[in-house]
Amino acid sequence: MVNQKNLHDFLAFGDKVILESRQLILSLWSMNSIHSELKEDNTPVSEVDLKCEELARDLIRKAFPSHGIIGEELGAEREDAEFVWTAATEKSGQLALFQRRF
């Protein structure tokens with residue numbers, strides 16, 4: 001259940017993920033290291049998309065090991081957990097947390 005402390009921790013964590021993702025994007029941009037390809041559904045995916053989602057997943061796993069993750073590029077893990085993060089790529093820049101009701 002979300003309480004005031006959890007909410008504060010989740011929001012602070014979201015800020016951390018956003019800041020670290022921004023640093024990653026800027027470092028790749030400055031190195032001209034942005035490559036993309038088409039996925040099976042003919043939508044583009046870039047190296048930045050994948051690296052940002054990998055970063056978000058790593059941070060979530062370390063901070064909240066019991067939480068689930070659903071990502072735009074890398075699929076789902078522990079999607080039946082009480083708390084599930086959704087991570088979209090830098091195109092939309094979204095990170096959200098949902099609490100499942102049992």
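Worth a mention:
- When segment 69-80 is filtered for residues that are small (G, A, S) and either at pLDDT 95 or above or surrounded by fewer than 16 Cβ atoms within 10 Å (Cβ to Cβ) (or both), the ones remaining, listed by number, are G75, A76.
- Test: residue in segment 6-20 that is surrounded by 11 or more Cβ atoms within 10 Å (Cβ to Cβ), touching a Leu at 6+ places or on another chain (Cβ under 8 Å), at pLDDT below 90 and part of a loop (DSSP other than H, G, I, E, B): no
- Residue match in segment 54-64 (condition: farther than 23 Å from K16 by Cα and either of a type in the set (D, E, K, R) or modelled with pLDDT of 85 or more (or both)): no
- Taken together, the residues in segment 30-78 that are touching a helix residue (DSSP H, G or I) at 6+ places or on another chain (Cβ under 8 Å) and in a helix (DSSP H, G or I) amount to 9.
- Members of segment 52-62 found to be of a type outside the set (D, E) and surrounded by 13 or more Cβ atoms within 10 Å (Cβ to Cβ), listed by number: C52, L55, A56, R57, L59, I60, R61
- Scanning segment 21-51 for residues being surrounded by 13 or more Cβ atoms within 10 Å (Cβ to Cβ) and of a type in the set (D, E) gives a total of 2.
- Apart from one condition, M1 fits all of (1) in a helix (DSSP H, G or I); (2) exposed (fewer than 11 other Cβ atoms within 10 Å of the Cβ); the exception is (1).
The values are calculated or read from the model by the stated rules, or taken from the named source; none is laboratory data. What you see is a predicted model, and the numbers here were worked out from it, not measured in a lab. Note that each Cβ is placed from the backbone with ideal geometry, even for glycine, and that neighbours are counted across all protein chains shown.
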